[in-house]
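Reviewing the structure listed below.
The values are calculated or read from the model by the stated rules, or taken from the named source; none is laboratory data. Predicted model, so just to flag it, every value in this text is computed and none were measured. Cβ atoms come from the backbone with ideal geometry, glycine included; neighbour counts cover every protein chain shown.
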Amino acid sequence: MNGVSARRLLAIVKKESLQIVRDPSTLIVAFVLPVALLFLFAFAVSLDVRRVPLGVVLECDSEAAQAMAASFAGSRYFRVTPARDRREVAAQVVAGRLRGYVVIPQDFDRRLRSSDAALVQVVTDGGQPMLANFVANYARAAATATLSERRDGAGAGGIVLQPRFWFNPELESRRALVPGAIAIVMTMIGVLLTALVVAREWERGTMEGLLSTPVTLIELLVGKLLPYFALGMLATAITATLAVTLFGVPMRGSALTLFVAAAVFMFPALSQGVLISVVARNQFTASQVAMISAFLPTFLLSGFLFEIAAMPAPLRFISYFVPARYFIAILQTVFLVGDVWSLILPQLAAIFALGALLFLAARSRLKKNLER
């Protein structure tokens, strides 16, 4: 009785699968709404920025070069990481800790005072197109201001920028937003659908009927979660295919890495949905709790739309407990960079740890309810 029975588990999975097929609203949320979200985020979203993490490589010690560097350090739009060698900051751009870097070369002052162009190079992370454009435009404005202040000694060449955009050379916003939208879709399927369907069983009294059978808690939880896990993976396949074929988002990593990450992310999403349903026990309350505790944090605090570094410290702290923060970082890495496992594995570990906590909380809460 206490062991896991494959027969009982399959019966729960079959029951839940039939419930999904019979409920049109579940299929709409799983397959119609994701497509609508992809179109929305591919064409309709634009953002402002603050406190962009930026590296400033100062290879020249002249007064003009230092003034140029100071214009970045004193700006409210940037959080500057100073460096003397571009290799110090290049790795941080790849890791996502910096959104780009500006190089003020060794011969900056000589070129500024001669007829040659004083070359200032701007390297940005094209995975965030708006930020990349912003950094390049700000660098152009700072260079122009530096030239204007020293025009009496400058030659005719002036300052020329040489921008380079990593990972997304075309700076198409959809290449950053569409992968992140997959996390929104999976959150809706994993948390919202699970919370509503299980809460519906509490309302109708069928959950008590299930609990009175020989089915164990583990069998009940796993049996409830598996159909929605399959639904989430199917939705991932559909949205990823649309992202690549319809919206032209490159996928430089492998499909296997994408599905491994999606499978791990479904663990905390489904566990949170069950936990909400156990606490709420009715669909209206469950939907409100799911919206506040899952959908809004995923939308606002995951780095999907807003730069986490620009958020107040309390919100940055809360974002560490949002599984989508780590999943979106993985999605952007897989789609725009490739299978960089040194970046992906720590994110997967964080997602799994949050999932384990939520699953244990759901199991503990359900057990307490049964003991009342």
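Summary of values
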read-out: Matching helices (runs of 4 or more DSSP H) fully within region 294-343 where at least 2 residues are more than 14 Å from the chain's Cα centre (by Cα), in the same structural domain as SER277 (by TED's automatic domain parsing) and without any contact (Cβ under 8 Å) to a residue 40 or more places away in the chain; value: 313-319
read-out: Selection within region 213-246 - of a type in the set (A, V, I, L, M) and closer than 20 Å to THR333 by Cβ; value: MET233, ALA237, ALA240, LEU242, ALA243, VAL244
read-out: Residue under evaluation MET291, criteria (1) modelled with pLDDT of 90 or more; (2) in a helix (DSSP H, G or I), criterion not met; value: (1)
read-out: Filter result for LEU18 (buried (at least 17 other Cβ atoms within 10 Å of the Cβ) and at pLDDT 75 or above); value: no
read-out: Single match in ALA255, ALA269, ALA290 (criterion: without any contact (Cβ under 8 Å) to a residue 40 or more places away in the chain and closer than 27 Å to ARG325 by Cβ); value: ALA255
read-out: Hey, LEU357 assigned by TED's automatic domain parsing to the domain that holds ALA195 and in contact with a Gly (Cβ under 8 Å, 6 or more places away or on another chain) or not; value: no
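For every residue, the table says whether it meets (1) assigned to a helix (DSSP H, G or I); (2) under 17 Å from the mean Cα position of the chain (by Cα); (3) outside the structural domain of GLU201 (by TED's automatic domain parsing); (4) surrounded by fewer than 14 Cβ atoms within 10 Å (Cβ to Cβ).
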| residue | (1), (2), (3), (4) |
| --- | --- |
| LEU220 | yes, no, no, no |
| LEU234 | yes, no, no, yes |
| THR239 | yes, yes, no, no |
| ALA243 | yes, yes, no, no |
| GLY248 | no, no, no, yes |
| THR257 | yes, yes, no, no |
| VAL260 | yes, yes, no, no |
